[in-house]
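> Before I ask anything, let me first share the structure, which is written out below as C-alpha cells.
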Amino acid sequence: MDRTILTGALLLDGSGGPPLSGRAVVVEHGRISAVVSAAEAPSGTTLKLDGLTLLPGLINMHVHLCFGGEADPATVMLREAYPMTVIKAALRARQTVEAGVTTVRDLGGRDYAELSVRDAILHGLIPGPRVLCAGRGICMTGGHGWNMIGRESDGPDDVRKAVREQLKAGADVIKIFATGGVMTPGVEPNSAQLTADEVRAAIEEARKAGRRTAAHAMGSDGIANCLDGGITTIEHGVFLTEALCERMARDGVALVPTLIAPHAIATGGVAAGIPEYAVRKSLAVADRHLEGFRTALRAGVPIAAGTDAGTPCNPHGTLVPELTLMLKGGMAPDAVIHAATAAAARALGLEQETGRIAPGLAADLLAVDGNPLERIQALDEVRLVLTQGRIAVNRLK
Ligand SMILES: [Zn+2]
C-alpha cells in the first residue's frame with residue numbers, strides 16, 4: 001500500500017499560524033491526502049517524528065545553480081568547460097534538496113544547463129528540488145549581467161525577441177535586469193538600465209505565454225519601471241522607498257530581499273578573493289538594503305525568501321543565513337517561515353502545489369530537530385526530507 005503516515009512532530013503548516021501538535025500527516029501517491037488527529041490516523045507505513053518539527057519543504061526564490069558560491073563564481077564558471085558546469089549544477093541541486101529546500105527558482109545560468117538539470121530531476125534521473133528556470137536574464141547592452149548570465153537586448157522589439165528565445169528554450173519564468181548591480185564591473189546599483197518601454201515589452205511578452213516575471217531591481221527608478229509594467233517579483237529592492245512599497249503592497253508584488261548576497265560579499269571582502277568592485281559596491285549598499293527591507297515590512301509588502309545562492313561566498317543549500325538576517329531586520333519568526341514556504345509558493349503561482357501542509361498539495365515535507373520558531377538554526381538539523389512523496393533524506397533514528 002502506498003501510504004505513509006507522519007506522526008509525533010510539532011506541525012508548522014506554512015500558513016503562518018501557531019504550531020499544532022497531535023496531528024498525523026497522511027501521504028499517498030506523492031501528495032498529502034489528509035491531516036488528521038493522531039488518533040484517527042489510517043493504517044500505513046508510519047514514520048515517528050517525536051521531538052521534531054514538521055514543516056513544508058522550503059522554497060528558495062533566487063538561486064543560480066551554475067554558480068558555485070566561490071569568491072569569484074562568474075570567473076570560475078566562464079573558465080571551466082561547459083560539461084563541468086553541468087555536473088556541478090547537478091551536485092548543487094542535490095545539496096539543495098538535502099538541506100530541506102524542495103523548490104527553487106533559478107534566475108540565470110549558463111547556456112540552459114540548469115534547464116537540463118531541472119528536467120533530469122523531473123524525470124527522476126538525479127535527486128533535486130523542483131526547479132523553475134529563467135534561462136538567460138534580459139539586460140541592456142553592457143548592462144548588469146551581460147558578462148555572465150544575460151542576453152543583451154536593446155529596444156522593445158529586441159527585448160520581445162530575447163524573451164521569446166527564453167520561452168523557446170523552455171523557461172518557466174522571465175528574468176529582467178532593470179538596474180545596475182554589484183557583480184558586474186562598471187554599472188551602478190542605483191541606476192535604471194532597461195527603459196520603461198523595454199521592461200513593459202518583456203513583461204507583456206512573458207504574460208502572453210502565461211509566465212511570471214522577476215526583476216533584478218536595486219535602484220528606485222528601475223523598481224518603478226517594473227511596477228509600472230506589472231512585474232511579479234522584485235529581487236533585492238535595495239533603494240525601495242515608502243511610496244514604492246505602498247504600491248507593491250497594494251498590487252501584491254512580492255519582494256525577494258536576498259539580504260545575504262551583498263552581506264556575504266561585504267563580510268568576505270577582497271581578503272576572500274572577491275573582486276574589488278563587488279566588495280566596494282556591496283559595502284556601499286549594505287545599510288540601504290536593510291532599510292529598504294524594513295520599509296517593505298512596515299508597508300506590508302509580501303516577502304518571499306531567496307538567497308541568490310551561488311554568488312560570492314554564498315553557497316547552495318541552507319536558507320538559514322538569509323532567514324537570520326530577515327529576523328535581524330525585524331521580521332517575526334512565524335513570518336520568516338511563511339516567507340520561505342507559503343508566501344514563496346504564492347509568488348511562484350504554486351500555492352495549490354507546495355508551500356503548505358494541507359490536503360491535495362504535493363508531499364514536499366521537511367522534519368528538523370528542534371523548533372525553528374524558537375531557534376532558526378534548527379532548520380539545519382535536517383532529519384527527513386520528502387519531495388513529492390519521495391524520500392530525499394532519512395536520518396530518523
Ligand atoms: Zn541573482
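The values are calculated or read from the model by the stated rules, or taken from the named source; none is laboratory data. Please read these numbers as outputs of a predicted model, since none were measured by experiment. Counting neighbours? That spans all protein chains shown, and the Cβs are built from the backbone with ideal geometry, glycine included.
> With respect to the numbered conditions (1) in contact with a Pro (Cβ under 9 Å, 6 or more places away or on another chain); (2) outside any loop (DSSP other than H, G, I, E, B); (3) touching a residue at least 40 places away in the same chain (Cβ under 8 Å), which one is the sole condition not fulfilled by PRO312?
(2)
> Taking segment 60-117 only, how many residues are touching a strand residue (DSSP E or B) at 6+ places or on another chain (Cβ under 8 Å) and either modelled with pLDDT under 95 or small (Gly, Ala, Ser) (or both)?
6
> Wholly within segment 317-397, which helices (runs of 4 or more DSSP H) include no fewer than the required count, namely at least 1 residues that are of a type in the set (A, V, I, L, M, F, W, C) and without any contact (Cβ under 8 Å) to a residue 40 or more places away in the chain?
Details: elements: 320-328, 333-339, 342-348.
Hits in segment 317-397: 333-339.
> Among the residues of segment 247-266, are any among the charged types (D, E, K, R), in contact with a Leu (Cβ under 9 Å, 6 or more places away or on another chain) and without any contact (Cβ under 8 Å) to a residue 40 or more places away in the chain?
Taking segment 247-266 first, the residues among the charged types (D, E, K, R) are 247, 250-251.
Still in the running and in contact with a Leu (Cβ under 9 Å, 6 or more places away or on another chain): 247, 251.
Adding the requirement that they be without any contact (Cβ under 8 Å) to a residue 40 or more places away in the chain leaves 247, 251.
Yes, because at least one residue in segment 247-266 is among the charged types (D, E, K, R), in contact with a Leu (Cβ under 9 Å, 6 or more places away or on another chain) and without any contact (Cβ under 8 Å) to a residue 40 or more places away in the chain.
> Just one of (1) away from the ligand (no atom under 16 Å from the Cβ); (2) in a helix (DSSP H, G or I) trips up HIS289, so point out which.
(1)
> Here is a follow-up. Can you name the residue in segment 136-179 that is free of Cβ contacts under 8 Å to residues at least 40 places away in the same chain and buried (at least 24 other Cβ atoms within 10 Å of the Cβ) and is also nearest to GLY349 (Cα to Cα) among such residues? I'd like the intermediate steps shown before the answer.
Going residue by residue through segment 136-179, those that are free of Cβ contacts under 8 Å to residues at least 40 places away in the same chain are 136, 141, 146, 151-152, 158, 161, 165-166, 168.
Among the residues that remain, those that are also buried (at least 24 other Cβ atoms within 10 Å of the Cβ) are: 136, 166.
Working: ARG136: 21, GLN166: 19 Å.
Step by step, filter segment 136-179, then rank; the result is GLN166.
> Could you list, in sequence order, the residues of segment 41-73 that are away from the ligand (no atom under 16 Å from the Cβ), within 20 Å of ALA392 (Cα to Cα) and either free of Cβ contacts under 8 Å to residues at least 24 places away in the same chain or not charged (D, E, K, R) (or both)? Before the answer, list the steps.
At the first step, the residues of segment 41-73 found to be away from the ligand (no atom under 16 Å from the Cβ) are 41-58, 71.
Among the residues that remain, those that are also within 20 Å of ALA392 (Cα to Cα) are: 44-50, 52-58.
GLY44, THR45, THR46, LEU47, LEU49, LEU52, THR53, LEU54, LEU55, PRO56, GLY57, LEU58, listed by residue number.
> Looking at ALA38, ALA90, ALA81, which is the one that is without any contact (Cβ under 8 Å) to a residue 40 or more places away in the chain, of a type outside the set (Phe, Trp, Tyr), on the phi < 0 side of the Ramachandran plot and touching a Ser or Thr at 6+ places or on another chain (Cβ under 6 Å)? Can you show your working first?
On the way: ALA90 fails: touching a Ser or Thr at 6+ places or on another chain (Cβ under 6 Å); ALA81 fails: touching a Ser or Thr at 6+ places or on another chain (Cβ under 6 Å).
Residue meeting the stated conditions: ALA38.
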